[in-house]
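The values are calculated or read from the model by the stated rules, or taken from the named source; none is laboratory data. Bear in mind that the values here come from a model prediction, so they are computed numbers and not experimental data. Positions of Cβ are backbone-derived with ideal geometry, glycine not excepted, and every protein chain shown enters the neighbour counts. Each accessible area value is taken on the protein alone, full model and side chains, heavy atoms only, with ligands, DNA and RNA left out. Shrake-Rupley method; radii C 1.70, N 1.55, O 1.52, S 1.80 Å.
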Amino acid sequence: MNFFDNHKNLFTVASLFFIVLTVFVAIIPALDNQNRNAPLPDAEPLSEEARKGKELFIANGCVACHTQQVRNLDMDKVWGKRPSMAADYALNTRMDVWRNTATLMGTERTGPDLTDVGNRQPSEDWNLVHLFNPRIVVKESIMPSYPWLFEIKNLPSEDDVVINVPNEFKKGELGSVVAKPEALQLVAYLQSLKQTPLPEGIPAPDFLYERKKKGGADGESEELDGAALYATHCQSCHQANGEGLVGAFPPLKDSPVVNEDDNLELYIDIIMNGYDARPEYGPMTPVGSTAGFTEEEVAAIINHERTSWGNSGKTVTPEEIKSIFEHVKLQAQ
(Lines give C-alpha, C1' and ligand atoms only; values in the text may rest on other atoms or scores of the structure.)
Protein backbone atom coordinates (compact mmCIF):
# COMPACT_ATOMS: atom_id res chain seq x y z
CA MET A 1 0.00 0.00 0.00
CA ASN A 2 3.00 2.30 0.41
CA PHE A 3 3.24 2.41 -3.37
CA PHE A 4 -0.06 4.32 -3.67
CA ASP A 5 1.00 6.80 -1.02
CA ASN A 6 4.21 7.76 -2.84
CA HIS A 7 3.46 10.34 -5.52
CA LYS A 8 6.90 9.86 -7.10
CA ASN A 9 6.26 6.19 -7.73
CA LEU A 10 2.79 6.89 -9.11
CA PHE A 11 4.09 9.59 -11.45
CA THR A 12 6.99 7.44 -12.68
CA VAL A 13 4.83 4.39 -13.41
CA ALA A 14 2.14 6.47 -15.12
CA SER A 15 4.76 8.18 -17.29
CA LEU A 16 6.38 4.89 -18.29
CA PHE A 17 2.97 3.40 -19.05
CA PHE A 18 2.11 6.40 -21.25
CA ILE A 19 5.45 6.22 -23.12
CA VAL A 20 5.15 2.47 -23.77
CA LEU A 21 1.58 2.86 -25.03
CA THR A 22 2.62 5.74 -27.30
CA VAL A 23 5.43 3.69 -28.82
CA PHE A 24 3.29 0.62 -29.51
CA VAL A 25 0.00 2.33 -30.39
CA ALA A 26 1.21 5.37 -32.35
CA ILE A 27 4.89 5.37 -33.31
CA ILE A 28 5.46 1.76 -34.42
CA PRO A 29 2.24 1.60 -36.52
CA ALA A 30 3.13 4.93 -38.13
CA LEU A 31 6.61 3.71 -39.09
CA ASP A 32 5.09 0.49 -40.42
CA ASN A 33 2.64 2.49 -42.54
CA GLN A 34 5.53 4.49 -43.99
CA ASN A 35 7.28 1.29 -45.04
CA ARG A 36 4.14 -0.27 -46.51
CA ASN A 37 2.89 2.78 -48.42
CA ALA A 38 5.75 3.80 -50.68
CA PRO A 39 5.23 6.66 -53.16
CA LEU A 40 4.04 5.75 -56.63
CA PRO A 41 6.95 5.35 -59.10
CA ASP A 42 6.17 8.53 -61.06
CA ALA A 43 5.35 10.71 -58.04
CA GLU A 44 7.34 13.96 -57.96
CA PRO A 45 8.39 15.77 -54.76
CA LEU A 46 7.46 19.41 -54.32
CA SER A 47 9.81 21.99 -55.78
CA GLU A 48 11.13 24.69 -53.47
CA GLU A 49 8.63 27.19 -54.92
CA ALA A 50 5.75 24.73 -54.44
CA ARG A 51 6.87 23.95 -50.88
CA LYS A 52 6.71 27.65 -50.00
CA GLY A 53 3.33 27.77 -51.70
CA LYS A 54 2.11 24.94 -49.50
CA GLU A 55 3.08 26.98 -46.44
CA LEU A 56 0.99 29.87 -47.80
CA PHE A 57 -1.88 27.47 -48.49
CA ILE A 58 -1.78 26.44 -44.82
CA ALA A 59 -1.26 29.98 -43.48
CA ASN A 60 -4.31 31.29 -45.35
CA GLY A 61 -6.56 28.47 -44.15
CA CYS A 62 -7.34 27.13 -47.64
CA VAL A 63 -7.78 23.61 -46.25
CA ALA A 64 -10.93 24.80 -44.46
CA CYS A 65 -12.78 24.97 -47.79
CA HIS A 66 -10.84 22.68 -50.14
CA THR A 67 -10.23 18.96 -49.81
CA GLN A 68 -7.47 16.92 -51.42
CA GLN A 69 -9.10 13.50 -51.47
CA VAL A 70 -11.04 11.85 -54.26
CA ARG A 71 -13.50 9.55 -52.55
CA ASN A 72 -14.44 6.22 -54.13
CA LEU A 73 -17.90 7.57 -54.98
CA ASP A 74 -19.15 8.15 -58.51
CA MET A 75 -19.91 11.81 -57.73
CA ASP A 76 -16.17 12.38 -57.14
CA LYS A 77 -15.19 11.46 -60.70
CA VAL A 78 -15.09 15.15 -61.60
CA TRP A 79 -12.13 15.64 -59.23
CA GLY A 80 -9.85 12.83 -60.43
CA LYS A 81 -9.55 9.85 -62.73
CA ARG A 82 -9.43 7.42 -59.80
CA PRO A 83 -10.10 7.39 -56.05
CA SER A 84 -7.24 8.53 -53.83
CA MET A 85 -5.11 5.90 -52.10
CA ALA A 86 -2.51 5.88 -49.33
CA ALA A 87 0.41 5.95 -51.79
CA ASP A 88 -0.76 9.36 -53.04
CA TYR A 89 0.27 10.90 -49.71
CA ALA A 90 3.48 8.94 -49.11
CA LEU A 91 5.76 11.80 -50.19
CA ASN A 92 4.19 14.23 -47.72
CA THR A 93 6.43 14.91 -44.75
CA ARG A 94 6.37 17.25 -41.77
CA MET A 95 6.66 20.93 -42.60
CA ASP A 96 9.23 21.29 -39.83
CA VAL A 97 9.97 19.98 -36.34
CA TRP A 98 6.98 21.76 -34.82
CA ARG A 99 4.31 21.39 -37.51
CA ASN A 100 2.91 18.08 -38.69
CA THR A 101 0.76 19.39 -41.53
CA ALA A 102 1.96 16.73 -43.95
CA THR A 103 -1.37 16.01 -45.62
CA LEU A 104 -4.09 18.52 -46.35
CA MET A 105 -6.93 16.12 -47.10
CA GLY A 106 -9.53 18.41 -45.52
CA THR A 107 -12.97 17.61 -44.18
CA GLU A 108 -15.27 20.03 -46.06
CA ARG A 109 -15.80 21.05 -49.67
CA THR A 110 -17.07 24.58 -49.65
CA GLY A 111 -14.90 24.91 -52.76
CA PRO A 112 -13.86 22.23 -55.27
CA ASP A 113 -11.47 19.40 -54.46
CA LEU A 114 -7.87 20.18 -55.43
CA THR A 115 -6.40 16.67 -55.74
CA ASP A 116 -5.92 16.99 -59.52
CA VAL A 117 -6.32 20.74 -59.99
CA GLY A 118 -2.86 20.93 -61.58
CA ASN A 119 -4.27 18.96 -64.52
CA ARG A 120 -7.78 20.43 -64.47
CA GLN A 121 -6.63 24.06 -64.36
CA PRO A 122 -2.87 24.41 -64.94
CA SER A 123 -3.12 27.95 -66.37
CA GLU A 124 -0.97 30.37 -64.38
CA ASP A 125 -2.98 33.31 -65.76
CA TRP A 126 -6.29 31.86 -64.58
CA ASN A 127 -4.99 30.96 -61.13
CA LEU A 128 -3.49 34.41 -60.56
CA VAL A 129 -6.66 36.21 -61.65
CA HIS A 130 -8.67 33.85 -59.45
CA LEU A 131 -6.51 34.60 -56.41
CA PHE A 132 -6.68 38.38 -56.96
CA ASN A 133 -10.48 38.26 -57.08
CA PRO A 134 -12.41 35.02 -57.71
CA ARG A 135 -15.47 36.98 -58.90
CA ILE A 136 -13.57 37.98 -62.06
CA VAL A 137 -13.73 34.43 -63.42
CA VAL A 138 -16.52 32.86 -61.33
CA LYS A 139 -19.22 35.44 -60.73
CA GLU A 140 -21.02 33.41 -58.03
CA SER A 141 -17.84 32.48 -56.10
CA ILE A 142 -17.85 32.97 -52.33
CA MET A 143 -14.09 32.48 -52.05
CA PRO A 144 -12.29 35.43 -50.42
CA SER A 145 -9.95 37.62 -52.46
CA TYR A 146 -6.22 37.72 -51.74
CA PRO A 147 -5.17 41.21 -52.95
CA TRP A 148 -2.20 41.33 -50.56
CA LEU A 149 -0.51 38.77 -52.80
CA PHE A 150 -0.36 41.45 -55.52
CA GLU A 151 0.74 45.04 -55.98
CA ILE A 152 -0.14 47.90 -58.33
CA LYS A 153 2.74 49.23 -60.44
CA ASN A 154 2.66 52.12 -62.87
CA LEU A 155 5.71 50.85 -64.72
CA PRO A 156 6.12 47.06 -64.38
CA SER A 157 9.54 45.65 -65.20
CA GLU A 158 10.18 42.95 -67.79
CA ASP A 159 10.49 40.36 -65.02
CA ASP A 160 7.14 41.23 -63.43
CA VAL A 161 4.19 38.90 -63.98
CA VAL A 162 1.30 41.20 -64.93
CA ILE A 163 -2.22 39.81 -64.72
CA ASN A 164 -5.23 40.99 -66.72
CA VAL A 165 -7.71 42.54 -64.29
CA PRO A 166 -10.81 44.41 -65.54
CA ASN A 167 -10.84 48.04 -64.39
CA GLU A 168 -13.98 47.57 -62.27
CA PHE A 169 -12.05 45.18 -60.01
CA LYS A 170 -9.12 47.53 -59.43
CA LYS A 171 -11.21 49.80 -57.17
CA GLY A 172 -10.20 52.91 -59.07
CA GLU A 173 -6.45 52.29 -58.82
CA LEU A 174 -4.40 53.06 -61.93
CA GLY A 175 -1.51 50.93 -63.12
CA SER A 176 -0.91 47.24 -63.68
CA VAL A 177 -1.59 44.44 -61.23
CA VAL A 178 1.63 42.52 -60.60
CA ALA A 179 1.92 39.19 -58.81
CA LYS A 180 4.19 39.15 -55.77
CA PRO A 181 6.51 36.15 -55.24
CA GLU A 182 4.02 34.79 -52.70
CA ALA A 183 1.27 34.63 -55.33
CA LEU A 184 3.56 32.79 -57.75
CA GLN A 185 4.57 30.35 -55.01
CA LEU A 186 0.95 29.59 -54.14
CA VAL A 187 0.13 29.00 -57.81
CA ALA A 188 3.22 26.75 -58.11
CA TYR A 189 1.79 24.61 -55.29
CA LEU A 190 -1.65 24.45 -56.93
CA GLN A 191 -0.06 23.50 -60.27
CA SER A 192 1.88 20.70 -58.53
CA LEU A 193 -1.33 19.02 -57.34
CA LYS A 194 -1.70 16.25 -59.91
CA GLN A 195 -2.93 12.71 -59.51
CA THR A 196 -0.05 10.35 -60.29
CA PRO A 197 -0.96 7.63 -62.81
CA LEU A 198 -0.85 4.09 -61.44
CA PRO A 199 1.88 1.76 -62.80
CA GLU A 200 0.81 -0.49 -65.67
CA GLY A 201 -0.89 -3.62 -64.44
CA ILE A 202 -2.12 -2.14 -61.18
CA PRO A 203 -5.91 -1.65 -61.31
CA ALA A 204 -7.38 1.54 -59.91
CA PRO A 205 -9.98 1.27 -57.12
CA ASP A 206 -13.55 1.34 -58.40
CA PHE A 207 -15.91 4.27 -58.05
CA LEU A 208 -18.95 3.05 -56.16
CA TYR A 209 -22.65 3.85 -56.49
CA GLU A 210 -22.44 4.74 -60.18
CA ARG A 211 -25.27 6.93 -61.31
CA LYS A 212 -27.18 5.34 -64.16
CA LYS A 213 -28.48 7.42 -67.04
CA LYS A 214 -32.20 7.33 -67.63
CA GLY A 215 -33.32 6.00 -70.97
CA GLY A 216 -35.18 8.24 -73.39
CA ALA A 217 -37.99 7.44 -75.76
CA ASP A 218 -37.79 4.15 -77.65
CA GLY A 219 -34.81 3.06 -75.58
CA GLU A 220 -32.59 5.94 -76.74
CA SER A 221 -30.14 7.36 -74.27
CA GLU A 222 -31.09 10.62 -72.59
CA GLU A 223 -29.63 13.75 -74.22
CA LEU A 224 -26.78 15.24 -72.22
CA ASP A 225 -27.08 18.71 -70.72
CA GLY A 226 -24.61 20.83 -72.68
CA ALA A 227 -25.21 23.86 -70.47
CA ALA A 228 -24.24 21.86 -67.37
CA LEU A 229 -21.13 20.44 -69.07
CA TYR A 230 -20.14 23.94 -70.18
CA ALA A 231 -20.63 25.32 -66.66
CA THR A 232 -18.51 22.54 -65.17
CA HIS A 233 -15.61 22.51 -67.62
CA CYS A 234 -15.55 25.75 -69.64
CA GLN A 235 -17.36 28.59 -67.90
CA SER A 236 -14.63 29.55 -65.43
CA CYS A 237 -12.49 30.80 -68.35
CA HIS A 238 -14.92 31.66 -71.15
CA GLN A 239 -17.52 33.04 -68.69
CA ALA A 240 -21.25 32.42 -68.46
CA ASN A 241 -21.91 35.06 -71.14
CA GLY A 242 -19.39 33.51 -73.55
CA GLU A 243 -17.40 36.75 -73.73
CA GLY A 244 -14.24 35.44 -72.07
CA LEU A 245 -11.83 37.83 -70.36
CA VAL A 246 -9.94 40.45 -72.34
CA GLY A 247 -6.26 39.60 -72.62
CA ALA A 248 -6.66 36.27 -70.84
CA PHE A 249 -9.39 34.02 -72.26
CA PRO A 250 -10.91 34.36 -75.76
CA PRO A 251 -14.64 34.88 -76.34
CA LEU A 252 -16.83 32.13 -77.75
CA LYS A 253 -19.54 34.61 -78.63
CA ASP A 254 -19.34 35.38 -82.39
CA SER A 255 -16.26 33.13 -82.62
CA PRO A 256 -15.61 31.80 -86.16
CA VAL A 257 -14.22 28.58 -84.69
CA VAL A 258 -17.51 28.00 -82.89
CA ASN A 259 -19.88 29.08 -85.67
CA GLU A 260 -18.35 27.97 -88.96
CA ASP A 261 -19.06 24.40 -90.14
CA ASP A 262 -15.67 24.08 -91.87
CA ASN A 263 -13.91 24.41 -88.50
CA LEU A 264 -15.48 21.36 -86.84
CA GLU A 265 -12.29 19.29 -86.75
CA LEU A 266 -10.30 22.24 -85.35
CA TYR A 267 -13.13 22.90 -82.88
CA ILE A 268 -13.02 19.32 -81.55
CA ASP A 269 -9.22 19.33 -81.50
CA ILE A 270 -9.22 22.47 -79.32
CA ILE A 271 -11.73 20.95 -76.90
CA MET A 272 -9.82 17.67 -76.61
CA ASN A 273 -6.17 18.76 -76.91
CA GLY A 274 -6.14 22.44 -75.99
CA TYR A 275 -4.70 25.31 -78.00
CA ASP A 276 -1.66 27.58 -77.81
CA ALA A 277 -1.34 29.65 -80.97
CA ARG A 278 -2.66 33.05 -79.88
CA PRO A 279 -0.12 35.53 -78.51
CA GLU A 280 -2.87 37.70 -77.00
CA TYR A 281 -4.22 34.83 -74.89
CA GLY A 282 -2.72 32.21 -72.60
CA PRO A 283 -2.67 28.55 -73.66
CA MET A 284 -5.85 26.52 -73.32
CA THR A 285 -5.47 23.21 -71.51
CA PRO A 286 -6.62 19.84 -72.96
CA VAL A 287 -9.95 19.98 -71.16
CA GLY A 288 -11.55 17.13 -73.09
CA SER A 289 -8.66 14.69 -72.72
CA THR A 290 -8.29 15.48 -69.03
CA ALA A 291 -12.00 14.94 -68.38
CA GLY A 292 -12.24 11.91 -70.68
CA PHE A 293 -14.98 13.39 -72.86
CA THR A 294 -17.04 11.06 -75.05
CA GLU A 295 -18.39 12.06 -78.46
CA GLU A 296 -21.79 12.59 -76.80
CA GLU A 297 -20.32 15.06 -74.32
CA VAL A 298 -18.36 16.92 -77.00
CA ALA A 299 -21.50 17.18 -79.15
CA ALA A 300 -23.51 18.50 -76.19
CA ILE A 301 -20.94 21.22 -75.43
CA ILE A 302 -20.61 22.25 -79.09
CA ASN A 303 -24.39 22.47 -79.47
CA HIS A 304 -24.67 24.59 -76.34
CA GLU A 305 -21.97 26.98 -77.51
CA ARG A 306 -23.39 27.19 -81.05
CA THR A 307 -26.88 28.06 -79.82
CA SER A 308 -25.97 30.49 -77.03
CA TRP A 309 -25.07 34.21 -76.80
CA GLY A 310 -26.43 34.95 -80.28
CA ASN A 311 -24.31 32.30 -82.02
CA SER A 312 -25.94 30.62 -85.00
CA GLY A 313 -23.74 27.65 -85.83
CA LYS A 314 -25.19 24.37 -87.05
CA THR A 315 -25.85 21.80 -84.33
CA VAL A 316 -24.08 18.44 -84.57
CA THR A 317 -24.78 14.85 -83.63
CA PRO A 318 -22.55 12.40 -81.75
CA GLU A 319 -22.24 10.42 -84.99
CA GLU A 320 -20.73 13.45 -86.75
CA ILE A 321 -18.29 13.92 -83.90
CA LYS A 322 -17.39 10.23 -83.88
CA SER A 323 -16.36 10.32 -87.54
CA ILE A 324 -13.38 12.56 -86.67
CA PHE A 325 -13.12 11.90 -82.93
CA GLU A 326 -10.60 9.04 -83.11
CA HIS A 327 -8.34 11.03 -85.43
CA VAL A 328 -8.36 13.96 -83.02
CA LYS A 329 -7.63 11.74 -80.01
CA LEU A 330 -4.68 10.12 -81.82
CA GLN A 331 -3.13 13.56 -82.25
CA ALA A 332 -3.07 13.97 -78.47
CA GLN A 333 -1.04 10.78 -77.93
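Comparison of VAL328, VAL298, VAL258 shows that the only residue that is at pLDDT below 85, surrounded by 20 or more Cβ atoms within 10 Å (Cβ to Cβ), among the aliphatic types (A, V, I, L, M) and out of contact with any Cys (no Cβ under 8 Å at 6 or more places or on another chain) is VAL328. For the residues LYS77, LYS81, the requirement of being assigned to a helix (DSSP H, G or I) and either at pLDDT 95 or above or not hydrophobic (A, V, I, L, M, F, W, C) (or both) singles out LYS77. A single member of ASN263, ASN311 is over 23 Å from the mean Cα position of the chain (by Cα), farther than 22 Å from HIS130 by Cβ, surrounded by 15 or more Cβ atoms within 10 Å (Cβ to Cβ) and modelled with pLDDT under 90, and it is ASN263. Do the conditions hold for THR107, that is, is it open to solvent by 30 Å² or more (accessible area, probe 1.4 Å) and touching a helix residue (DSSP H, G or I) at 6+ places or on another chain (Cβ under 7 Å)? So THR107 fails the test. Applying the criterion of being of a type in the set (A, V, I, L, M) and open to solvent by less than 60 Å² (accessible area, probe 1.4 Å) to the residues of segment 153-179, the residue that is modelled with the lowest pLDDT is VAL165. Of all residues in segment 46-65, none are under 16 Å from the mean Cα position of the chain (by Cα) and either over 25 Å from GLY111 (Cα atoms) or open to solvent by 70 Å² or more (accessible area, probe 1.4 Å) (or both). Residues considered: VAL70, VAL129, VAL78, VAL63. Of these, the only one that is farther than 20 Å from PHE150 by Cα, hydrophobic (A, V, I, L, M, F, W, C) and either without any contact (Cβ under 8 Å) to a residue 60 or more places away in the chain or touching a strand residue (DSSP E or B) at 6+ places or on another chain (Cβ under 9 Å) (or both) is VAL63. Which ones in segment 1-31 are open to solvent by less than 60 Å² (accessible area, probe 1.4 Å) and within 30 Å of PRO203 (Cα to Cα)? Once the filter is applied, which keeps residues that are open to solvent by less than 60 Å² (accessible area, probe 1.4 Å) and within 30 Å of PRO203 (Cα to Cα), segment 1-31 yields PRO29, ALA30. Checked against (1) more than 19 Å from ALA188 (Cα to Cα); (2) surrounded by 14 or more Cβ atoms within 10 Å (Cβ to Cβ), ASN100 passes all but condition (2).
Looking at segment 138-157, can you tell me whether even one residue there is over 30 Å from GLU44 (Cα atoms), among the basic types (Lys, Arg) and touching a helix residue (DSSP H, G or I) at 6+ places or on another chain (Cβ under 8 Å)? No - not one qualifying residue is present in segment 138-157.
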